[in-house]
Amino acid sequence: MQDELPAKRKGDFQEEATSGTSLDTSTRDTAFQEDVQSSFTGVPNSRLSQEEKEAKRRLKRRIKIQSRIESIEKSIKHSRGRKAADAEKVQQKALDELLEKEHEIVQELQLGASSNSYSLDYLRERSTPLVLEISLALFDSQAALDFLGESDKRETLTETVLLLKHMTRGTQELSMFTKAALWGYTRQKFHERAMLLTISLGRIQIPRQERMKHESAMDPKLHEQRQIRQQVWNMFTSGKVRKACSIGCGPGNDLAGLLSFLRMLHAGDGAHVLDRALLMDWSVDEWKEAVIDPLNDILESKGYLSAGIDTVFCDVTKDINDDGNKDAFDQLRGQDQCQHPTVFDFDFYSVSYLLSETRGKWFSFFESVVKNAKPGAMFYFAEPVPWQLHRSIGLFKKDLQFIWLDSSMDHPMLQDADRRAGPSVLFAIKSEIGQN
């Protein structure tokens with residue numbers, strides 16, 4: 001990895017989203033207001049280490065603060081609607097103070113006693129310039145300027161809010177995917193989600209000093225997960241990730257995050273980092289025309305891809321073998337269709353903020369994708385809360401090996417909890433043979 005990185009450039013889309021920090025209010029679930037004790041059903045304090053008890057206490061504090069943050073944000077919106085500038089100023093000050101407290105708690109929770117992964121500050125420092133380079137170029141493109149200018153600001157905001165509202169509920173319609181709404185969405189989510197993927201993948205690496213520790217003194221579950229992490233890391237460092245697919249791709253933020261991570265990993269190689277990138281979405285035509293085409297121009301001009309981005313329609317509420325997903329099935333098979341007609345050709349799949357949105361309708365689609373994925377294929381899942389990720393572990397545990405890359409990754413007793421300090425991130429690799 002590089003030792004020196006350029007200074008940060010600021011922008012309204014430069015919010016640094018990490019596995020431990022999320023200011024994305026659209027993904028906050030009202031369930032955060034429930035009693036956090038339900039998160040630890042079956043895990044009494046007597047079975048927790050002192051470190052895990054402290055993590056549990058901090059998680060409780062954060063959930064309470066998140067509830068207060070959500071309440072103040074609603075008050076601010078109300079004050080803006082009434083044009084009550086003085087009230088909004090007071091509420092904004094209170095919000096800033098709560099956000100600072102939340103950040104401190106997250107830092108304690110994520111970076112406290114464990115050195116099992118590199119710190120988020122370290123990873124953020126290395127990731128930000130790489131992700132920001134792509135984000136800045138995208139938002140400086142003419143396509144972005146046409147829809148994010150001051151004259152269109154009100155229309156863009158209105159259409160973006162409508163789209164986000166319905167996407168959270170899974171009730172969106174194609175008519176809502178206007179260019180103004182898509183660019184508004186991209187401004188809010190692109191950099192944040194790309195950073196989340198880049199930093200999460202960076203956490204897979206085991207620090208040098210941690211590798212020197214005797215494994216017999218380690219929690220058995222952590223030891224198992226560490227072996228998986230080392231296997232995955234070796235695949236990344238050996239350059240075996242050459243073909244990537246983003247399912248439910250949106251504006252392509254996961255691709256930007258993966259490219260940034262691979263560039264960070266292979267700094268100085270001077271060559272493209274992916275041979276093929278496939279973006280799949282239910283509204284892929286709308287995304288392609290508005291955002292993905294400009295993104296493709298940027299990535300090709302920088303030499304990050306050996307070929308342009310491929311795009312294809314997919315509906316994750318139907319099986320990948322469904323006639324409606326035939327084009328997606330053919331794209332996943334790649335060029336070697338005669339020798340291996342049902343084996344998908346990709347090394348890395350990303351799925352961000354999609355499982356919760358489709359609320360269980362994704363089972364058949366991903367069951368077939370996992371079944372057809374080649375041995376060693378890797379899966380990255382990110383969701384606002386982990387309830388659907390827990391279900392995926394139950395469904396695919398015979399085929400996939402899992403590791404958590406969020407606030408629970410160093411606390412095995414907390415990994416079954418239904419809350420996280422920040423987004424929930426689960427990573428998986430397909431086994432050479434099915435697990436018993």
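The values are calculated or read from the model by the stated rules, or taken from the named source; none is laboratory data. Keep in mind that this is a model prediction, so the values were computed, not measured. Note that each Cβ is placed from the backbone with ideal geometry, even for glycine, and that neighbours are counted across all protein chains shown. Each accessible area value is taken on the protein alone, full model and side chains, heavy atoms only, with ligands, DNA and RNA left out. Shrake-Rupley method; radii C 1.70, N 1.55, O 1.52, S 1.80 Å.
At a glance:
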| item | result |
| --- | --- |
| Pairs where the first residue, in segment 409-423, is more than 20 Å from ILE65 (Cα to Cα) and the second is modelled with pLDDT under 80 and of a type in the set (Asp, Glu), C-beta under 8 Å, 6+ apart | HIS411/GLU51; HIS411/GLU52; PRO412/ASP219; MET413/GLU52 |
| Subset of segment 373-406 (residues that are more than 19 Å from TRP362 (Cα to Cα) and under 12 Å from the mean Cα position of the chain (by Cα)) | LEU405, ASP406 |
| Of residues in segment 327-351 being under 21 Å from PHE236 (Cβ atoms) and acidic (Asp, Glu), the one modelled with the highest pLDDT | ASP347 |
| Set GLY324, GLY360, GLY303: member being in contact with a Lys or Arg (Cβ under 6 Å, 6 or more places away or on another chain) and either part of a helix (DSSP H, G or I) or modelled with pLDDT under 95 (or both) | GLY324 |
| Among the candidates GLU70, GLU34, GLU125, residue that is of a type in the set (Asp, Glu), farther than 30 Å from LEU295 by Cβ and either modelled with pLDDT under 80 or open to solvent by 60 Å² or more (accessible area, probe 1.4 Å) (or both) | GLU34 |
| In segment 225-244, residue farthest from the chain's Cα centre (by Cα) [restricted to those that are open to solvent by less than 30 Å² (accessible area, probe 1.4 Å) and charged (D, E, K, R)] | ARG226 |
| Odd one out for GLN401 among (1) out of contact with any Lys or Arg (no Cβ under 7 Å at 6 or more places or on another chain); (2) open to solvent by less than 20 Å² (accessible area, probe 1.4 Å); (3) not in a loop (DSSP other than H, G, I, E, B) | (2) |
| Boolean, GLN107 is closer than 25 Å to HIS191 by Cβ and at pLDDT below 75 | yes |
| Filtered residue count, segment 194-226, keeping only those that are modelled with pLDDT under 90 and of a type outside the set (Asp, Glu) | 18 |
| Residue match in segment 198-205 (condition: small (Gly, Ala, Ser) and open to solvent by 10 Å² or more (accessible area, probe 1.4 Å)) | no |
| Test for SER39: is it modelled with pLDDT under 70, out of contact with any helix residue (DSSP H, G or I) (no Cβ under 9 Å at 6 or more places or on another chain) and assigned to a helix (DSSP H, G or I) | no |
| Residue that is in contact with a Gly (Cβ under 6 Å, 6 or more places away or on another chain) and modelled with pLDDT under 90, where the choices are LEU145, LEU174, LEU120, LEU163 | LEU120 |
| Number of the condition not met by GLU357 [criteria: (1) more than 23 Å from ASN325 (Cβ to Cβ); (2) out of contact with any Pro (no Cβ under 6 Å at 6 or more places or on another chain)] | (1) |
| Whichever residue in segment 338-355 is in contact (Cβ under 8 Å) with a residue 40 or more places away in the chain and open to solvent by 10 Å² or more (accessible area, probe 1.4 Å) and, among such residues, is farthest from GLY252 (Cα to Cα) | ASP345 |
| Test: residue in segment 369-384 that is among the basic types (Lys, Arg), touching a Phe, Trp or Tyr at 6+ places or on another chain (Cβ under 8 Å), open to solvent by 10 Å² or more (accessible area, probe 1.4 Å) and assigned to a loop (DSSP other than H, G, I, E, B) | yes |
| Contacts under 7 angstrom Cβ, first residue in segment 196-215 being small (Gly, Ala, Ser), partner surrounded by 11 or more Cβ atoms within 10 Å (Cβ to Cβ) and modelled with pLDDT of 60 or more, 6 or more apart | SER200/LEU405; SER200/VAL425; GLY202/TYR118; GLY202/LEU123; GLY202/SER127; GLY202/PHE261 |
| Residue match in segment 359-368 (condition: among the aromatic types (Phe, Trp, Tyr) and closer than 17 Å to VAL241 by Cβ) | no |
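Let's see how each residue does on (1) crowded, with 24+ Cβ neighbours inside 10 Å; (2) modelled with pLDDT of 90 or more; (3) hydrophobic (A, V, I, L, M, F, W, C):
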residue	(1), (2), (3)
SER364	no, yes, no
SER392	yes, yes, no
LEU405	yes, yes, yes
ASP418	no, no, no
SER424	yes, yes, no
